[in-house]
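A short reminder: the numbers here are calculations on the coordinates, not readings from a lab. These figures come from a predicted structure and were not determined experimentally. FYI the Cβ positions are ideal-geometry reconstructions off the backbone, even for glycines, and counts take in every protein chain you see.
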Amino acid sequence: MRPLDSPFRRSALLSVLCGLLFLTSSCDPSVDPFARDGAPYFSIVGVLDAGRDTQSVRVASLRDSVALGAPPVPFNATVTSEHPASGRRTTWRDSLFRFRFVRDEDLQRDRFVHNAWTTADFRPNETYRFTVTDPNGAASSATVTLPDTFPAPELIPPGMFSPAWDIRVHGVDRLADVIIIYRVERSSGEIQTVEISHIADTVRLSPQEYSIDVVVGEEPLSGTVLSSDVRIVAAGPEWPESGDLDDEMLVAPGAVSNVEDGLGYLAGVTSKTVPMIE
Amino acid sequence: MCLRLKLALLLCLSLAGLPLGQARAQEATLRGFITDQSTGEPLQGANVIVRDTSGAVRGAVSEPNGLYQISALAPGRYGVRVSFVGYAAHTDTLRLAPGQIKTLNVALTPTEQQLEEVVVSSKAGAATIQGGEQTVRPADIQRIPTPDVSGDLASYLTSLPSVVSAGDRGGQLFIRGGTASQNLVLIDGTLVYQPFHIIGFFSAFPQDLVANADVYAGGFGARYSGRISSVIDVSMREGNKQQFEGAASLSPYLASARIEGPIREGKMSMIGSVRHSIIEQAEPLYSESFPFQFGDQFLKLHSIPQENSRYSITALHTYDRGRIDTGDTDRNAVFRWRNLALAHRLVVLPSTVPILFEMNNGISYVRNAVGTPDRPERSSEALRLNTELHLTRTMRRLEFDWGFFARMQWSGFTLGEQFANIEIDSDVLFGVGGYLDTKISLTDRFDLTPGLALSWYPTTYTPSAEPRVRLAWHPHPNHTFSAAAGLYRQPIVGVSDERDTGSVFVAWMPAPEGQHQPQAVHVLGGWQGQFGPIQLAAEGYYKHLSHLSVPRWSARARFTTDLTLASGNVYGVDTRLGWQRGPLYTYLGYGFSWTRYTATQDDLAMWFGEPIQAYHPPHDRRHQLNAVLSLDLGMFTTNVRWEYGSGLPFTQPIGFDEFIPPRGVPDVQDDFGEPRLIYEKPYQGRLPAYHRLDISVERAIDLGSAELTLQAGGINVYDRNNLFYFDLFTVQRVDQLPLVPYLSLKLATN
């Protein structure tokens, strides 16, 4: 084996040292993965319900609520609603909700969401502007019109040939939901309320008329039904029409949204609850 | 030999003999196996020269299994010389009768003096590539610093300009724009699905066990079918047929033991190896988290039942387990995979016809899963049973390679996610096929090899014909121009979550019903030359990809097997420079690559206004540079490797929300909703560039009957924070290994 001559070895070592110095000082390895420029800023999901005393709307700052399963992030945005006709402006309050998911016995994971809420009055046939603004002024907003009131639904009891109730809804342009509210007595004696949506069972008979077949007690309610009510929810023009979209399409960002500079949807609803079984 | 095999042999021989019978009646053939006299192992690349009484010369170079064959020799007297670098040449004289098929096996004796010569081979060495092909030998592997005394094929492959690895863990190799599941990796002729270990330095192919590997970065011939990107065809060593040898090594990463020796001296050998990672146990040494466990067991039996035949049985088992994203305590996503490969190979030189008969039978199995061990979120399995016949007949200016195969492939997966229903599916594919490669030596300097691969999977696909061609022109002994082109199809696809390059989970399945097999067209051409101690090579390539099944982009934070079709284009250039001066070897490899997919998905139109998205997939590394320096000063051997890779594409997240679909009035107080990733257009961002320096210094100490090798080194010696990938779902940066110094040793019997 022939050893390398000294000048060659020196120059080789020098080259390696220079290279090392260059390498260690070059190229910033930091990364900011987020696309931070411009909208969308907030995700808004919910309804303004003329029939409720307290309104609650899910609000998420897209860039704060960064990680799935991350600890809660302080909510720094301001949530307001405005009634342009009267100029009345309401600032909503924030509440943190925790959801616990249990996948394994030793792996429980809490997830946190922010719901904004207010007890301000929201009336049928009125239009409101809902806005979420961050401290830098970036804002997402939605304009929402609550629908008019509508007649009580017609409840046709089960007959000889059909075990189902036929619920007829009239005078509604957009039907957002049909909910049967059960009062159930558990075997422990506890009485609970169970709500089951039947919007998927709806048949549109005419532009303002709907029929919904409901078999009471068809769902496993784990108890004795003491009574049941039916709640009809009519929606305003902002209600997303999602009937033709599969789940994958529906969840696509932008697939259903009336939020300016944001994501999600916010609609106005008016509801009417009538007793079904007493 | 069983009756079925005899019938198959008879059929193939008759096919071989029919068109060439007349020539066979007059011309003689010389063939045989070249082996190392001291170990009985085959020698690839040995030169066999025959010289007739007029001084005319014919020659051949031995194949990976040591086989050579010189056909179409006129009857008469010949001088034979067999030579190989590092061995004493063997000379002989013989007389060939008309039509004689002479088997001459030669065992060459190693010589100390010649071992120090420089090995120059047209196909071997990192700085050589012909028509996308290069041959890798153990000496090449040794030059790449690896945190173990023995090198590993995985480390070597990542030093090539054609090969992109996502990082130093995960074991995914992307070759010239292809994905990991598009690579055909063979061990002694049998498929191994996922042979690269979770720590990217290691694979099922350690240097001590590898005889050689033929690596085709593209443009491979018709013999290889079923994958559309590349071929890594690894031949494992046969074991010493003369005496027992053993070795054991220990490093902070790995402990291993190897034993080999004769079962029947000179006739039958075994070689076995067991390796197990210890990096997890070595965590206290580093104050770092290394939650990885991997290992493999290898056994090969090789036999010479007769002078004109060889058979071998190879068994390989590998396992890997680890958390790729070590900082993610929430998802607790533990990746696991396990391979099993059983390979049987029979090589026969029939005494009646001048052909080579090779039969490969193999079983390949892989299972990979993500999640906790007792409740994996996702798992996938694939099983392949394969039988192949290969025949080779050489004439003066023609060489025919043809063969047949029959395959059964079963694949299944179970996909469960926290927010989704469990999805279970399985499929079985039966297929048959064949191929023909015809090498035509148009002149002494120009070889043209047209070929055709045929396959048919009757239950799923229409018959497939894949034409291919390779050519090589040698205008000067030191210069070669080569080119290749071909059509390639792949009946089974491996689906990965492309949104998340750190995920090594692969769900194996056929292409969705009614769709075509994924397909690639390769075109490449290049040159390689030798200028004294300098080797230079450059090769350009283009690939058109179609019918690719890629996961549908979804805002849902979960793995999906909803597939959409994509097409793609890849082009690039590899350049290599090798230089050897005395004990100093240097290698520089630069690769430029450009890959773009185009996929259509209707829901993307709602978000981006356009259903068709063109994007650079996450393995599209534009620039890659590798520098290797190896200095052998006698007492010490130093290996240095520096690698640079430009940033990989990733999709920039805008943020997250919990979406409650408007199927009824949303209940924001009681309904958490579905976590949703809000993303920019796919793969518009680029991660930071990556570079790293690895160094090892090694010293061998002769202990008389054994040799102790000590090695000290470091991975990522300037401790750069190289990003492995960015987890979009947890918004966590996952880095590659930090500075990891190591000390390792190996004790081997002489």
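In a DSSP loop and with at most 16 other Cβ atoms within 10 Å, the trypsin sites (Lys or Arg not before Pro) in region B:375-415 are B:Arg396, B:Arg397. Each residue in B:His344, A:His170 was given a count of other beta-carbon atoms within 10 angstrom of its own, and listing them fewest first yields A:His170, B:His344.
Take every DSSP beta bridge with both residues inside chain B and express the antiparallel ones as a percent of the total, to the nearest 5.
Percentage antiparallel, nearest 5: 95.
Between the Cα long axis of helix B:3-17 and the first principal axis of chain B there is an angle of about 70°, rounded to the nearest 10.
Overall dimensions of the protein assembly as shown, expressed as equivalent-ellipsoid semi-axes from the Cα gyration tensor (√(5λ), whole Å, largest first), are 66, 32, 25.
Residue exposure proxy: B:Leu104, B:Leu157, ordered by other Cβ atoms within 10 angstrom of their Cβ from fewest to most, comes out as B:Leu104, B:Leu157.
So if we plug the beta-carbon distance of A:Arg123 and A:Ala164 into 1/(1 + (r/R0)^6) with R0 = 45 Å, what FRET efficiency do we get, rounded to 0.05?
So the FRET efficiency works out to roughly 0.80.
Residue by residue along B:647-656, Cβ atoms of other protein chains within 10 Å of the local Cβ number 6 on average. Placing unit charges on the Cβ atoms only, positive for Lys and Arg and negative for Asp and Glu, gives region B:103-248 a dipole magnitude near 520 debye about its Cα centre. For region B:233-327, trypsin sites (Lys or Arg not before Pro) meeting the loop criterion (DSSP other than H, G, I, E, B) and having at most 12 other Cβ atoms within 10 Å: none. What separates the Cα centres of region B:46-98 and region A:151-178 is a distance of 96 Å. With a Förster radius of 41 Å applied to the beta-carbon distance between B:Glu288 and A:Ser227, the computed FRET efficiency rounds to 0.05. Assuming 1.306 mPa s and 10 °C, estimate D for region B:209-254 with Stokes-Einstein, Rh taken as the Kirkwood radius over Cα pairs, in µm²/s. Approximately 115 µm²/s, per Stokes-Einstein.
Rounded to the nearest 20, the size of the Cβ-charge dipole of chain B about its Cα centre is 2600 debye, with Lys and Arg at +1 and Asp and Glu at -1.
Let me have the 222 nm mean residue ellipticity of chain B computed from DSSP H runs of 4+ only, each contributing -39500 (n - 2.57), with the sum over all residues rounded to the nearest 500.
My calculation for chain B gives -1500 deg cm²/dmol from helical runs alone.
With the simple spin-label model, which puts each label point 7 Å out from Cα in the Cβ direction, the B:Leu743 to A:Ile191 separation comes to 7.8 nm. Residues A:Met160, B:Met236, B:Met395, ranked from the fewest to the most other C-beta atoms within 10 Å, line up as A:Met160, B:Met395, B:Met236.
On the principal axes of its alpha carbon atoms, region B:588-695 extends 79, 33, 15 Å, with the longest extent given first. Shape summary of chain B, radius of gyration then Dmax from alpha carbon positions: 26.4, 98 Å.
Measure off 7 Å from each Cα along the Cα-to-Cβ vector at A:Asp37 and B:Leu625, then give the distance between these two points in nanometres to one decimal. About 2.9 nm, to one decimal.
The mean number of partner chain beta-carbon atoms within 10 angstrom of a residue's beta-carbon across peptide A:38-46 is 4.
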